1. Can you name every residue in region 37-59 that is under 24 Å from Met134 (Cβ atoms) and open to solvent by 50 Å² or more (accessible area, probe 1.4 Å)?
2. Being among the β-branched types (Val, Ile, Thr), within 21 Å of Lys189 (Cα to Cα) and away from the ligand (no atom under 16 Å from the Cβ) is the requirement here; does Val121 meet it?
3. I'd like to know if region 80-87 contains one or more residues that are modelled with pLDDT of 95 or more, open to solvent by less than 60 Å² (accessible area, probe 1.4 Å) and not polar (S, T, N, Q).
4. Report, by residue number, each residue of region 88-111 that is open to solvent by 40 Å² or more (accessible area, probe 1.4 Å) and either more than 18 Å from His44 (Cα to Cα) or not basic (Lys, Arg) (or both).
5. Scan region 187-209 for residues that are surrounded by fewer than 20 Cβ atoms within 10 Å (Cβ to Cβ) and more than 7 Å from the ligand (Cβ to nearest atom) and jot them down.
6. Would you please name the residue that is nearest to the chain's Cα centre (by Cα), looking only at residues in region 151-169 that are open to solvent by 30 Å² or more (accessible area, probe 1.4 Å) and in contact (Cβ under 8 Å) with a residue 24 or more places away in the chain?
Amino acid sequence: MPKLTKREFSKILNLLRSKYGEWLPRHVDARDPFKTLVGAMLSHRTRDEVTDKAYTSLFSRFRTPEDVLNAKQSEIARLIKPVGFYRQKAKRIKDVARILLERYGGKVPDSRDELVKLPGVGDKTADIVLSLSMGLPEIAVDTHVEKISKRLGIVSPKASYGEIKRALEEITDVQDRRDVNRLLVQFGKDICTSPKPKCSLCPITDHCDYFSRISAKSVRSKLKPY
Ligand code: SF4
């Protein structure tokens with residue numbers, strides 16, 4: 001199946017936009033990069049429902065980097081406890097709050113290079129903060145974005161974070177890039193699920209490499225031998 005064009009991918013994004021609107025995960029705050037940064041750190045290797053719960057507990061008690069720095073690490077750990085590696089994450093969140101106050105005047109830097117210097121912050125977390133809370137044209141590649149990019153045939157099954165991000169950038173208009181993550185995440189939770197996608201409900205089967213392969217396989221299996 002030929003690779004998706006910019007025009008086709010733009011149509012897919014518009015279709016998902018009409019279905020999911022301005023949806024954002026609960027552990028993302030479009031106006032507060034600090035909360036989004038902490039939410040993304042909490043979400044590492046943790047299910048969204050658990051992350052949402054920990055995020056809500058933490059930010060119902062603390063709001064700013066100052067609050068977090070003045071809190072006891074044990075209290076942060078207790079508040080976020082449902083998440084995986086909660087003790088390690090509590091330490092990192094406190095370290096990040098301290099670094100933001102010492103080096104960046106208490107603000108989250110709007111540069112990828114500076115963001116990835118923070119403890120526990122990798123490419124995905126940096127891209128989430130830059131796109132979803134700062135409105136910058138970055139594409140965060142999480143498990144849903146990766147799975148869907150591979151199923152649609154935008155990248156090969158072994159593509160890395162950087163390869164997926166670059167391939168998506170090539171077929172996405174700059175003004176749409178910040179929406180790619182949130183739209184594909186919702187689509188990945190709703191229809192293009194793991195491990196088994198709900199292809200019978202999918203509005204974009206015509207563009208899907210995975211679907212064309214499983215359809216061809218099922219047609220072949222129905223052919224009677226001579
Ligand atoms: Fe996902 Fe199936 Fe739709 Fe392809 S056809 S995008 S695998 S749900």
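The values are calculated or read from the model by the stated rules, or taken from the named source; none is laboratory data. This one's a predicted model, so the numbers in the text were calculated from it and none came from an experiment. All Cβ positions, glycine included, derive from the backbone under ideal geometry; neighbour counts span all protein chains shown. The protein model used for the area step is the full one, side chains on, heavy atoms only, and it has no ligands, DNA or RNA in it. Shrake-Rupley method; radii C 1.70, N 1.55, O 1.52, S 1.80 Å.
1. His44, Thr56
2. no
3. yes
4. The answer is Gln88, Arg98, Leu101, Glu102, Arg103, Tyr104, Gly105, Lys107, Asp110.
5. Lys189, Asp190, Thr193, Ser194, Pro195, Lys196, Ser200, Leu201, Pro203, Asp206, Asp209
6. The qualifying residue nearest to the chain's Cα centre (by Cα) is Tyr161.
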